[in-house]
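Down below is the structure, laid out as structure tokens.
The values are calculated or read from the model by the stated rules, or taken from the named source; none is laboratory data. Only a predicted model underlies this, so the values are computations on that prediction, with no experimental measurement involved. Here the Cβ is made from the backbone with ideal geometry for all residues, glycine too, and neighbour counts use every protein chain on show.
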Amino acid sequence: MINFDNVSKTFGEGDHRTAAVDDLTIEIPTGKITVFVGPSGCGKTTSLRMINRMIEPTSGTVLIDGVDTRSIDAPTLRRGIGYVIQNAGLFPHRTVLDNIATVPVLQGQSRRSARATAAELLERVGLPESMGQRYPAQLSGGQQQRVGVARALAADPPVMLMDEPFSAVDPVVRAQLQDEFTRLQAELGKTIVFVTHDIDEAVKLGDGIAVLAIGGRLAQYATPAEVLSHPADDFVADFVGRDRGYRALSFTAAGQLPVHEEPTLRLGSSPARGPAPSSAPVGEPYWVLVVDDARQPRGWVDARRLTSGRGVELGDLVLGGSLADPHASLRTALDAALSSPSGRGVAIDADGRVIGTVAARDVLRAIEAARVNAPHSPGQGTSPGAGAREGEADPAAAAVPS
Ligand SMILES: Nc1ncnc2c1ncn2[C@@H]1O[C@H](COP(=O)(O)OP(=O)(O)O)[C@@H](O)[C@H]1O
Ligand SMILES: [Mg+2]
């Protein structure tokens, strides 16, 4: 556990005085990822660096497991704290393996055993062992960040500080790094303080999120779901953005959604009673779900456009989102329903077989019931009445996430 007790930091004096961090009191739980998020200049890096004493507070106390960090000498303190920064900060003239082995060697491990551990760590962060002989400049940005993470893990510190570690890589690689980082943390259970300016990254990675405002004020400290559904004030509401209602759906279970029976057509077979039933409204497509022999969904076909007597071929299919678990989040359900040409999301069982469909209207109704701002379509703004913004700011939302 890391505690900030009334910690402030000001830089400069007189007219040039900057309040970087303003009276920060926060408890960071052991074994979890806590994200400091906020716009540039709001004191995230300063806060992070006060944990390992790269920056000393102007006033207040930082404690790790109840011990005032000022009572531990800085090198000893930093040995128990891994530190990862943007652009990895690797030593350019050392090989990847030697970069990772740096701290263990400084701590007195033999180079040989430190390199052996480094090779294992490479694999852990998803890089081939052969990469160990390369120099940082010979790696892509994403690979360098992985090496940076491996290096921070090398001394197996209980605490990791990560300052925008994934911000300098392209969005696709960033998403991969985030996924692997989540997987790694599930194995390691480190106490991680992660800094980012990206609310999506904060929501994705954080067990708890501390939203910092300009001037180093803690605007809200809560779980991602709470920050999205109940922003503590206008600043947080603006910062998390207009589509927060849609993001919040990720945390809303879709437990009560009805799964409807869905007639299916096997690939290669033709509809038993001709292209489309006469009951279907004329002029509109009549979507039929096509499955393979294993009853796994392959796509949708407009039965009106099928020539009688011919079997359905892959080329006839329109692909639509399938829904892994009908009781997963409302966001998954909404994505599946809205990305399907029929407006029905396909629900499948653990073996990937169709068990029925979830209707968009049911998902939307469930969203209303969950009193989350109902979005009109994925990725877009929420409904005009941004409910959580006015009058709903709950003082309890600033509580420490459990
Ligand atoms: N060494 C320094 N000297 C003077 N001002 C600084 C120094 N470091 C940071 N600041 C100022 O403190 C504020 C917070 O900076 P920082 O913690 O780096 O913000 P963030 O990481 O959120 O972008 C900014 O206004 C920044 O200009
Ligand atoms: Mg910073």
(message) Any residue at all in the stretch 128-149 that's under 24 Å from the mean Cα position of the chain (by Cα), within 19 Å of residue 177 (Cβ to Cβ), in the same structural domain as residue 186 (by TED's automatic domain parsing) and not in a helix (DSSP H, G or I)?
(response) yes
(message) Being surrounded by 24 or more Cβ atoms within 10 Å (Cβ to Cβ) and either part of a loop (DSSP other than H, G, I, E, B) or on the phi > 0 side of the Ramachandran plot (or both) is the filter here; which residues of the stretch 236-245 pass it?
(response) none
(message) So for the stretch 87-108 (the condition being within 16 Å of ligand 1 (Cβ to nearest atom), of a type outside the set (A, V, I, L, M) and either assigned by TED's automatic domain parsing to the domain that holds residue 201 or surrounded by 14 or more Cβ atoms within 10 Å (Cβ to Cβ) (or both)), does at least one residue qualify?
(response) yes
(message) Anything in the stretch 206-218 that is at pLDDT 95 or above and either buried (at least 22 other Cβ atoms within 10 Å of the Cβ) or among the β-branched types (Val, Ile, Thr) (or both)? List them, or say none.
(response) 206, 208, 209, 210, 211, 212, 218
(request) Restrict the check to the stretch 2-16 and report whether at least one residue is surrounded by 15 or more Cβ atoms within 10 Å (Cβ to Cβ), within 14 Å of ligand 2 (Cβ to nearest atom) and either closer than 16 Å to residue 216 by Cβ or of a type in the set (Phe, Trp, Tyr) (or both). (result) yes
(message) I need the full set of residues from the stretch 39-51 which are crowded, with 22+ Cβ neighbours inside 10 Å, within 9 Å of ligand 2 (Cβ to nearest atom) and among the small types (Gly, Ala, Ser), in order please.
(response) 43
(request) Go through the stretch 3-51 residue by residue and tally those that are in a helix (DSSP H, G or I) and of a type outside the set (Val, Ile, Thr). (result) 8
(message) With the condition being in contact with a strand residue (DSSP E or B) (Cβ under 6 Å, 6 or more places away or on another chain), I'd like the helices (runs of 4 or more DSSP H) fully within the stretch 151-235 carrying at least 2 qualifying residues.
(response) 199-205, 224-229
(message) Any residue in the stretch 34-49 that is within 16 Å of residue 23 (Cα to Cα) sitting within a Cβ distance under 8 Å of a residue that is assigned to a loop (DSSP other than H, G, I, E, B) and within 9 Å of ligand 2 (Cβ to nearest atom)? List the pairs, counting only those 6 or more apart or interchain.
(response) 44/197
(request) Tell me, yes or no, whether the stretch 79-86 has at least one residue that is outside any loop (DSSP other than H, G, I, E, B), within 16 Å of ligand 2 (Cβ to nearest atom), β-branched (Val, Ile, Thr) and within 20 Å of residue 148 (Cβ to Cβ). (result) yes
(request) Kindly provide the set of residues from the stretch 77-101 that are more than 20 Å from residue 28 (Cβ to Cβ) and without any contact (Cβ under 8 Å) to a residue 60 or more places away in the chain, ordered by number. (result) 89, 91, 92, 93, 94, 95, 96, 97, 98, 99, 100, 101
(message) For the structure I just gave you, tell me whether residue 55 is in the same structural domain as residue 183 (by TED's automatic domain parsing) and touching a Lys or Arg at 6+ places or on another chain (Cβ under 6 Å).
(response) yes
(request) Please work out which residue is surrounded by the most Cβ atoms within 10 Å (Cβ to Cβ), limiting yourself to the stretch 52-67 and to residues that are more than 15 Å from ligand 1 (Cβ to nearest atom) and not in a loop (DSSP other than H, G, I, E, B). (result) 64
(request) Would you point out which residue out of 96, 21, 35 is in contact with a Gly (Cβ under 8 Å, 6 or more places away or on another chain), over 22 Å from residue 209 (Cβ atoms) and at pLDDT 95 or above? (result) 96
(request) With the checklist (1) within 12 Å of ligand 1 (Cβ to nearest atom); (2) more than 21 Å from residue 165 (Cβ to Cβ) in hand, flag the one item residue 47 doesn't pass. (result) (2)
(request) Select from the stretch 74-133 the residues that are hydroxyl-bearing (Ser, Thr, Tyr) and farther than 15 Å from residue 160 by Cα and list them in ascending order. (result) 95, 102, 110, 113, 117, 130
(request) Among the residues of the stretch 12-33, write down those that are within 13 Å of ligand 1 (Cβ to nearest atom) and in contact (Cβ under 8 Å) with a residue 12 or more places away in the chain. (result) 19, 20, 21, 22, 24
(request) Could you tell me whether any residue of the stretch 20-27 is in contact with a helix residue (DSSP H, G or I) (Cβ under 9 Å, 6 or more places away or on another chain) and at positive phi? (result) no
